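Worksheet: one structure, shown below.
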Number of protein chains: 2
Amino acid sequence: MPTLEDVSKRAGVSTATASKVLSNTPYFTDETRQKVMQAVKELGYIPNLAARALSTGKTHIIAVVFPYVYEAIFTDPNVMHILAGIETECTSRGYNILLSTPNLSANEVDHHYLQLIQSGYLDGILAIDAYPEASALEPAQAKGIPSVAIGYGTTDHYVRHNDRAGGRAIGEHLLALGHTQIGIIDVPEVMNYGVQERLIGLRTACVEANIDFEALPIRHGDWSTASGAKCAAELLTTHPDLTALLCMNDRMAMGAIQQTREMGRDIPGDLSITGYDDIPTAAFLVPPLTTVSQRAPEQGQVAARMLFDILDGGKPDPVELPPQLMVRQSSGPATWPLNTM
Amino acid sequence: MPTLEDVSKRAGVSTATASKVLSNTPYFTDETRQKVMQAVKELGYIPNLAARALSTGKTHIIAVVFPYVYEAIFTDPNVMHILAGIETECTSRGYNILLSTPNLSANEVDHHYLQLIQSGYLDGILAIDAYPEASALEPAQAKGIPSVAIGYGTTDHYVRHNDRAGGRAIGEHLLALGHTQIGIIDVPEVMNYGVQERLIGLRTACVEANIDFEALPIRHGDWSTASGAKCAAELLTTHPDLTALLCMNDRMAMGAIQQTREMGRDIPGDLSITGYDDIPTAAFLVPPLTTVSQRAPEQGQVAARMLFDILDGGKPDPVELPPQLMVRQSSGPATWPLNTM
DNA sequence: ATTTTATAGTTAAGCGGTTAACTATATACT
DNA sequence: AGTATATAGTTAACCGCTTAACTATAAAAT
C-alpha cells in the first residue's frame, strides 16, 4: 500500500504539499497539483483512514445502536426501515455505519459497548431508544459524543414518531366510521413505550366522541401474528357485539384477520380491523389493511441529518414526525345492529 | 480523554510498560501491574482505537457488504437473518461490524466502496453475493483483503445454501405426496441465481420420478405477495388440474394461499402450496406453510467464523449448508380425480 | 569466579497522515 | 526605496499506541 510519502517522493514535493493538494488547499500552482495527482494515480494511492483518524480526530464512522431489548430486532421491519433511511443519508455524506447491539437488558452495562463509545472511533451515535429508562445514549452523552436518539430516549436531540397523534388518528378514523364497540389488541406495558402513548391518544379521541375508553375490552398479545389471532378469538367470543378491532401492529392485525375469517365474519362488512406500522405486506393483504405509517425511513434520515447538523456545530431541535394514516379496505362503516351468526 | 502517557505518568512507569501490562505481556511484578491498573481505573483510561489501528494495522472492524442489487434489501428477511448471525459471532469475538452497501448495479464500481476497501480500515469483508457476475469481493481479493462470500460469489472462501438440494427436497416432498400436476411460481432469471439452482434440483427430482419437468406450467412473479396471488390466479385458471403450487419464496406463497382461498379451494385438501425461505410468519399462516429453510443465521455465523479462521492464518474449506425441509400443513396428499368447482 | 539465563523495565523508532509555523519569492502599495 | 501582501512551498511537531532493541539486575549454571 503506497503512502503519502511515496506519493510526495514520486511527485518531487514534500508530504505536506501532497497532503494539502489532496485536500484542495489554495496556493499551489497547477503544475504542482498535476504532479501530485499524477503520482497518486500512478501509485493508486488511497489514504490510510486510521492515520487520518488519529491525526484529525475524525473517523467518519457513526455508530447505529440498537439495544437487544427484544428478540428478532434484526427482522423488525420498522427498525430495518429506520436503518435503511440512515444508510441512505450516511452514504450520501461519505460516512460509514458501524453496527452496535449492546446488551442493555442485563443489570450491568455492556462493557464492549462502553469501550467502543470512548475509544474515539466514533464521530457520532444514532441509537434506537425504545424506552427512556434504558437509553443507550446516556454513557455517550456523559462523554460528550454527539448523539441522536430515535424513539423515546432522554437526549436533547431526538426524532420520534408521534405515537400519541397516531393513536388518536386511528381512533378518530374508526369513530368517524360509527364504531363505538372497539376491541383493542396491544402488548404488555413493558414491551413498548410508544404503545402507551398511542393508548393515550386513543383515549383522547374517545373522550371527544363521548365514548367510555376504559370500558373498551383489551387483550395483550406479543406482536406476533399468532398472538393476534388468539387475542381476536378471545375478544370476539367474549364480546360478540364488537364492530372493530384496533391492533397495535400489523402482524397482530394479520392474525386477527385470519382468525376473524376463520370464524366466518366478513371484513370490513361485519368487522373492521386496523393495524399499526404499515409494513410492506399490509397493502397486499386481503383485504388491504388500514393502518398507520410510522414513516420509519424518514425517521432514520431525519435522525442522521440531525446528527450531521450537530457535527457541524448546529443545535437542531427535536423532531416529532406526524403519523400517516393509511386508509385501506379492512375498515368500513359500522353496521348496526350487528348481523351476528 | 486520558492517554497511555497519562496512565504511565500517574503509575510512575514508562508508556511501554503500561502498554505491555495492558496486553498481558509477561515479566512484570505484581506491584507494577497493580500500579498501572490503578492508574487506568482512576483515570478511566480507554485505549484510542485509531492509534492502535495505525500502530498494529488491525482495526477489529469487518465490513458486511450487501450490494444494492435489488430494492428493499434491508427488509429481506433472509439478508437480515444472515446479518443477525454475523452480528452474534462478531460481537462474541470483539469485532465490530461496518455496513457497506455499494452500488454495483451501475457500470462503474462504487468509488466510495473501493476507497473503503483499500483504506486499511477493514480487517476483513463478508459479502452477500447474489451472482457470480456481480461480486462485491473482486476488488477486495485483488488487494488481498481476507474475505468470505455468502451466496454465489467467486471467492475461494464462501458459504452458501445448497439451493439445488433445496429445490430437489421440496420437489421430492410433493412428488412423494402423489402430486404430478405441479404449478411453479418463480422469478425472472435475472433476479436470482439461487432460484435457477433450485429449478435444476427440482428437475432432478422430477426426472427420478418420471415426470416431465418441462411440461410443468410456470409463472414469473417478483417476490411480492401480490405477484404470488396473480401468478396463482393465472395458473389455476389456465391449468385447473393442478394439485400443487410450488413457490420460490414464502411471500409469493402467501399470496398464492390467499388467492386460492379466494377462488374457493381448500388448502391442502384441494391444493397443496409450498414456499421457500421459512420466514418467521410462515409457521403462523393458516394453514402453516410447508417450506424450506435456508438457515440464514447459520450462514452468517459460519461465514464469520470462516473469516476469523482466515484472519488466524487458516485456509477453511467452502461450506454448503444443506436445506432444511419444514413440512407443515399447507401440503398434503394429492387428491385425484380433482374435486373442481 | 565467570558466563548464561530469566526477570523487569526503559528508550525510541515507527505507523501515516495533518497542520501550525516558518522560509522565500514575486507583486502591489505608500 | 521600503513595507505590506499574496503566492508557493517546506520543516517538523503531533495524534496515541505498539514493539524491537537495549539496559540492568538477580538467580542459575558452568
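Each principal axis of the Cα cloud of chain A was evaluated for its coordinate range; sorted largest first, these ranges are 91, 40, 33 Å. In this assembly of identical copies, the label point of A:HIS239 (Cα plus 7 Å along Cα-to-Cβ) is separated from its counterparts by 4.7 nm, sorted shortest first. Measuring between alpha carbons in the structure, the pairs from B:LYS9/B:LYS58; A:LYS35/B:LYS315; A:LYS41/B:LYS20 lying more than 32 angstrom apart are A:LYS35/B:LYS315; A:LYS41/B:LYS20. Just check segment A:4-47 against the gyration tensor rule for me: Cα atoms, a ≥ b ≥ c as the square roots of the eigenvalues, rounded for a/c under 1.5, and otherwise prolate or oblate depending on whether a/b exceeds b/c. Judged from the Cα gyration tensor, segment A:4-47 comes out prolate (a/c at least 1.5, a/b above b/c).
A cut-off of 5 Å between modelled amide H atoms, ignoring neighbours fewer than 5 places along the same chain, links B:SER224 with no other residue. Take the alpha carbon atoms of segment B:156-203, find their center, do the same for segment A:26-48, and report the distance between the two centers in whole angstrom. Cα centroid to Cα centroid, the span is 53 Å. Take the alpha carbon gyration tensor of segment A:188-235, find the square roots of its eigenvalues, order them as a ≥ b ≥ c, and report rounded if a/c is under 1.5; if not, report prolate when a/b exceeds b/c, else oblate. Oblate is the answer for segment A:188-235, as a/c is 1.5 or above yet b/c matches or exceeds a/b.
With a cut-off of 18 Å on the backbone N, the residues of segment B:43-69 near the modelled label site 7 Å out from A:THR3 along Cα-Cβ are B:50-59. Of all the accessible heavy-atom surface of the protein assembly as shown, with the other protein chains kept in place and a 1.4 Å probe, what percent is carbon and sulfur? The nonpolar share, carbon plus sulfur, comes to 51 percent.
The B:LYS41 and B:TYR68 beta-carbon pair, evaluated with R₀ = 45 Å, returns a calculated FRET efficiency of approximately 0.45. Within the shell defined by Cβ-Cβ distances under 13 Å, the residues around B:GLY314 carry a net charge of -2, with Lys and Arg each +1 and Asp and Glu each -1. Across chain A, the longest run free of exposed loop sites, meaning GluC sites (Glu not before Pro) lying outside DSSP classes H, G, I, E and B with no more than 13 other Cβ atoms within 10 Å, spans A:134-341. For segment A:1-79, applying the loop criterion from DSSP together with a ceiling of 10 other beta carbons within 10 Å to the chymotrypsin sites (Phe, Trp or Tyr not before Pro) yields A:TYR27. What the Kirkwood sum gives for the protein assembly as shown is a hydrodynamic radius of 27.9 Å, with every pair of different alpha carbons counted. Think of segment A:79-180 as having a plus end and a minus end, set by charges on the Cβ of Lys, Arg, Asp and Glu; of A:GLY167, A:THR154, A:SER135, A:GLY167 sits farthest toward the positive end of this dipole. Here the calculated FRET efficiency for B:ILE218 and A:LEU311, from their Cβ-Cβ distance with R0 = 45 Å, stands at 0.30, rounded to the nearest 0.05.
Per-residue surface analysis assigns A:ASP30 an accessible area of about 110 Å², computed on protein heavy atoms at 1.4 Å probe radius. Set Lys and Arg Cβ to +1 and Asp and Glu Cβ to -1, take the dipole of segment A:163-293 about its Cα centre, and tell me which of A:ILE182, A:ALA215, A:LEU236 lies farthest positive. Projecting each Cα onto the dipole axis, the largest value belongs to A:LEU236. Interface between chains B and A: roughly 4200 Å² of accessible area buried, both sides summed (probe 1.4 Å, protein heavy atoms only).
Comment: the Cα-to-Cβ extended label point of B:ARG33, at 7 Å, lies 5.8 nm from its counterparts in the other copies, nearest first. So what's the gap between the Cα centers of segment B:297-326 and segment A:104-149, to the nearest angstrom? Using only Cα atoms, the two centres lie 31 Å from each other.
Take B:GLU208, push a point 7 Å out from Cα through the beta-carbon direction, and compare it with the same point in every other copy: 6.5 nm, smallest first. Quick check: net charge around B:VAL40, other residues with Cβ under 11 Å of its Cβ, Lys/Arg +1 and Asp/Glu -1? So the surrounding residues net to +2. Peptide B:87-95 has a mean shielding of 3, counted as Cβ atoms of other protein chains within 10 Å of each residue's Cβ.
Here the contact order of segment B:79-214, divided by its residue count and restricted to Cα pairs under 8 Å and six or more residues apart, works out to 16 percent. Charges were assigned to the Cβ only: +1 to each Lys and Arg, -1 to each Asp and Glu. The resulting dipole of segment A:218-320 about its Cα centre is roughly 200 debye. For segment A:4-47, a crude dipole built from +1 on the beta carbon of Lys and Arg and -1 on the beta carbon of Asp and Glu, taken about the Cα centre, is about 20 debye to the nearest 20. Report summary: the helix-based calculation at 222 nm, which adds -39500 (n - 2.57) for every DSSP H run with n ≥ 4 and divides by the residues of chain B, gives -13000 deg cm²/dmol. Each label was represented as a point 7 Å from its Cα along the Cα-to-Cβ direction; for B:ARG33 and A:VAL109 these points are 2.7 nm apart.
Over all Cα atoms in segment A:163-293, the spread is summed up by Rg and Dmax: 13.0, 35 Å. Relative contact order for segment A:163-293: 24 percent, from Cα pairs under 8 Å spaced at least 6 residues apart, divided by residue count.
GNM remark for chain A: springs join alpha carbons under 10 Å apart, and the peak mean-square fluctuation among A:THR290, A:THR75, A:THR15 falls on A:THR15. Sequence-ordered 3J(HN,Hα) estimates for segment A:273-285 from the Karplus curve with 6.51, -1.76 and 1.60 and θ = phi - 60° stand at 10, 10, x, 7, 2, 6, 5, x, 5, 3, 6, 10, 5 Hz, glycine and proline given as x. Placing +1 on each Lys and Arg Cβ and -1 on each Asp and Glu Cβ, with no other charges, gives the protein assembly as shown a dipole about its Cα centre of roughly 1520 debye. Along segment B:227-239 the Karplus relation, 6.51 cos²θ - 1.76 cosθ + 1.60 evaluated at θ = phi - 60°, assigns HN-Hα couplings of 5, x, 5, 5, 4, 4, 4, 4, 4, 5, 6, 7, 10 Hz to successive residues, with x for each Gly and Pro. Legend: calculated FRET efficiency, B:ARG261 to A:GLN324, from the Cβ-Cβ distance at R0 = 30 Å, rounded to 0.05, equals 0.50.
Over chain B, what is the relative contact order in percent, taking alpha-carbon pairs closer than 8 angstrom and at least six residues apart? With pairs under 8 Å counted, the relative contact order is 16 percent.
Compared with the alpha-carbon gap, the fully stretched path from A:ALA209 to A:THR56 is longer by 49.1 nm at 0.36 nm per residue.
Taking amide H as placed 1.01 Å from N in the peptide plane, the amide H of A:ASN249 sits under 5 Å from that of A:TYR276, each at least 5 places away or on another chain.
The values are calculated or read from the model by the stated rules, or taken from the named source; none is laboratory data. Not measured: the values here are computed from a predicted model. Cβ coordinates were reconstructed from backbone atoms using ideal geometry, including for glycine residues, and neighbour counts include every protein chain displayed. With ligands, DNA and RNA removed, areas are computed over all heavy atoms of the protein, side chains included. Shrake-Rupley method; radii C 1.70, N 1.55, O 1.52, S 1.80 Å.
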